[in-house]
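Participant: Okay, handing you the structure first.
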Amino acid sequence: MLSISIALLAFYVILISYFFIGWMLVVARKKTSSAYNNLAGVGFSIIISARNEEKNIEACLRSIIKQNYPSDLFEVIVIDDGSTDKTADIIHTFINQSRSIGTTFNIHYVKSDLKNKKAAITMGIGHAKHDYIILTDADCTRNKHWLSAINKFVKQSACKMIYAPVRFKAHNIFEKMQALEFAGLVGIGAASMELKNPNMCSAANLIFEKKAFNEVNGYQDNMHLLSGDDEFLMHKFFKLYPDKVKFLLNYDAMVTTTASSSVEELAEQRKRWVSKATKYENRYITLILILAYLFNASIFVNFVWGFFDDFYFKLSLSQLLIKMVVEFAFLSQVARYLKQFHLIKYLIIAEPLHVIYVLFVGIAGSFGSFEWKGRVG
């Protein structure tokens, strides 16, 4: 057991160090990027697949129409993905109010009965008139420079797909620990893209060329899966355009979304994320997830075995301490650029809980079902 524990610890240290290097390369690219003075903008079709978002959709739309970007160069297409609450009424009221005061923003409501988020997004893209698609979620808000920052990067990089930063709102300790964890996931996604081994991204802030979406056949081959409207698509883009899939490190390009409000909601969300772990075409991602899971499992097993043999209790604490140190080095860099460095102090609380959380979600997400807004996967 000792040799296995040490091997798993060594793997995890190397893995986080690998992500750290990738993140620093992202930062270096940002620092060396040249200024772009051509203010001409590209056209964006912003697709929002909304399901039962009566609490969030209005704030989302307001943050979009406040953009300091030419109104004729972007449109908003809201796909109502089978909502059973007042989402549709709120969207219609917002559109009518905008028209009544003479605004020139193009906001379109489309009803979908397809009962599948990927199908709803595909429908939205079918209605899109601009060259670039932006996927975002109905519970996301952003500052007024969002589109300008994305446009600048599109012009600089000519990328086919861009993953822009996402962060969680955080009010209490439970949400702050989620926000810290999610900052790490954003950092891992960015680092992996930079190192040409992309493994994760988020459809809360994902930009891609509409023509390229059709070239990779969109969500074909994984339309039936309830999760993965972001990562499976990213892998298809990377396979065809390996040098044109990048992370945009710019605070103005960030969107802010809501953390889970309860343990139950968090568990269902994470089970949905984990459910696609065995569906990746690139098996190295599945292997990494399995080894990371086994590392956390070894910490727990050694802790339990420590009640019978004090050596293993010390081994478990040593593993946890080293895990905390390497994750602190990585997370502190990522959180600083996301302007969430204040969350680092919660790492000492989050670390032991994270081990238990990983064990539960790993099993439940791989072998159990999950519920997402009334749909079971």
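Participant: Can you figure out the FRET efficiency of L15 with K314, using R₀ = 25 Å and their beta-carbon distance, to the nearest 0.05?
Facilitator: The computed FRET efficiency comes out at 0.60.
Participant: Scan around K111 for amide H atoms under 5 Å from its own, H built in the peptide plane at 1.01 Å from N, and keep only partners 5 or more places away or cross-chain.
Facilitator: D80
Participant: While we're on this one: Calculated from DSSP H runs of 4 or more alone, at -39500 (n - 2.57) each and per residue, what is the 222 nm mean residue ellipticity of the chain, nearest 500?
Facilitator: Mean residue ellipticity, 222 nm, calculated: -17500 deg cm²/dmol.
Participant: In debye, nearest 20: dipole of the range 157-250 around its Cα centre with unit charges on the Cβ of K, R (+) and D, E (-)?
Facilitator: 240
Participant: Hey, what do the phi angles of the range 341-358 turn into as Karplus ³J(HN,Hα) couplings, whole Hz, using 6.51/-1.76/1.60 and θ = phi - 60°, x for Gly and Pro?
Facilitator: So the J values, rounded to whole Hz, are 4, 4, 6, 4, 5, 8, 4, 5, 7, 6, 4, x, 5, 5, 4, 5, 4, 4.
Participant: If amide hydrogens are placed 1.01 Å from N in the peptide plane, which non-local residues have theirs closer than 5 Å to the one on T136?
Facilitator: Counting only residues 5 or more places away or on other chains, the set is I47, S49.
Participant: Oh, and also: Mind sorting out which of [x] 1.28; [y] 1.00; [z] 0.98 is the real Rg/Rh (Cα atoms, Kirkwood Rh) computed from the coordinates?
Facilitator: [z]
Participant: Can you pull the semi-axes for the range 127-249, root of five times each eigenvalue of the Cα gyration tensor, sorted largest first, whole Å?
Facilitator: 23, 17, 15
Participant: Using the Karplus equation 6.51 cos²θ - 1.76 cosθ + 1.60 (θ = phi - 60°), what ³J(HN,Hα) coupling, rounded to whole Hz, does each residue of the range 182-193 give in order, writing x for Gly and Pro?
Facilitator: Those phi angles translate into 5, 4, x, 5, 4, x, 5, x, 5, 4, 5, 4 Hz.
Participant: Under 5 Å between amide H atoms, partner at least 5 residues away or on a different chain: which partners does F74 have, H built in plane at 1.01 Å?
Facilitator: Under 5 Å from the amide H of F74: F44.
Participant: Once phi is turned into ³J(HN,Hα) by the Karplus curve 6.51 cos²θ - 1.76 cosθ + 1.60 with θ = phi - 60°, what whole-Hz value does each residue of the range 327-338 show in order, with x for glycine and proline?
Facilitator: Computed from phi, the couplings for the range 327-338 are 6, 4, 4, 6, 5, 4, 5, 5, 4, 4, 6, 8 Hz.
Participant: Something else: Using 1/(1 + (r/R0)^6) with R0 = 35 angstrom and r between the beta carbons of V304 and L25, what's the FRET efficiency to the nearest 0.05?
Facilitator: According to the calculation, E is roughly 0.35.
Participant: Which order do I77, I363 fall in if you start with the one that has the fewest other Cβ atoms within 10 Å?
Facilitator: I363, I77
Participant: Compute the distance in nm between two label points, each set 7 Å from the Cα along the Cα-to-Cβ direction, one at N172 and one at S261.
Facilitator: So the two model labels end up 1.1 nm from each other.
Participant: From zero outward in steps of 10 Å, how is the percent of C-alpha pairs of the range 238-314 spread across the bins?
Facilitator: 14, 21, 35, 22, 8, 1
Participant: Shifting gears a bit: Treating the angle as unsigned and between 0 and 90°, give the value, to the nearest 10°, between the Cα long axis of helix 87-100 and the longest Cα principal axis of the chain.
Facilitator: 40
Participant: Counting DSSP beta bridges in the chain, what percent are antiparallel, to the nearest 5?
Facilitator: Roughly 30 percent of the DSSP beta bridges within the chain come out antiparallel.
Where a number appears in this text, it was derived from the coordinates with a stated rule and is not lab data. This is a predicted model, so every value here is computed, not measured. Cβ atoms come from the backbone with ideal geometry, glycine included; neighbour counts cover every protein chain shown.
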